[in-house]
Amino acid sequence: MNKLVKRVFLGTLLILLLIPGSALAYMGTGSWPTRTIPYKISSDVPSSHVTPINTAASNWQAKSILRVPMDNTNYKIIAYVYSYGTTGWDGQAFINPGWNGVFTSGNIQLNQTYTNNYSSGQINVLASHELGHEFSLDHVNVNTNLMYTSATGAYANNPSLANGPDQSNIDRIYNRYAVKPY
Ligand SMILES: [Zn+2]
């Protein structure tokens, strides 16, 4: 009997460990070493995209504990916008040295092949989503969340905080960054 209880308990514990939980809402175990993460916009980004990207950064700064200043000298993240072709993605995020490390630099890429047809609000959601990855957030399966698998899918479902990060995004940022220095 005792043995059976023990096995059931261990079995339950194992299943709990295997259930995708909040840990999987992060790209990996890594994050930036500080809460200040300056960015710059590549000089060849079209003006139609500059404002929504800047708004995305300022939304993150306004609504989370991160500081996301534009800084053309001491930037950590670069935003690129090019016509990458019909690749199947409208935005991507890259980080160095990798999602499990201490982040040193990163970039987001918006694919103008698609975004040329987007409204400024849609570009803002897309840029906010890719920045969310830069800040270590992975996808969630709630289609009204900024970090929904498809940023434009989320846009179609009206993300909760006026195209910016919503509370669950902010909570996860807080969990990751609260004890880090600025
Ligand atoms: Zn994504």
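Every read-out reported here was derived from the displayed coordinates using simple, explicitly stated rules and does not represent laboratory data. Every value quoted in this text rests on a predicted model; they were computed, and no experiment measured them. Cβ coordinates were reconstructed from backbone atoms using ideal geometry, including for glycine residues, and neighbour counts include every protein chain displayed.
Quick look at the numbers
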| quantity | calculated |
| --- | --- |
| Other-chain or far-sequence residues with amide H under 5 Å of Leu146's (modelled H) | Ser160, Asp166 |
| Extension reserve of the Asn116-Tyr82 stretch, reckoned as 0.36 nm per residue once the Cα distance is removed | 11.2 nm |
| Estimated FRET transfer efficiency when R0 is 22 angstrom, pair Thr73-Val179 (beta carbons, to 0.05) | 0.20 |
| Using θ = phi - 60° and Karplus 6.51 cos²θ - 1.76 cosθ + 1.60, couplings along region 41-46 (whole Hz; Gly, Pro as x) | 9, 3, 5, 9, 6, x |
| Karplus (6.51, -1.76, 1.60) ³J(HN,Hα), θ = phi - 60°, over region 93-100, in Hz, Gly and Pro reported as x | 9, 10, 9, 10, x, x, 5, 9 |
| Lys180, Lys76 arranged by Cβ crowding within 10 Å, fewest neighbours leading | Lys180, Lys76 |
| Point-charge dipole on Cβ atoms (K/R +1, D/E -1) for region 23-177, about Cα centre, debye to 20 | 320 debye |
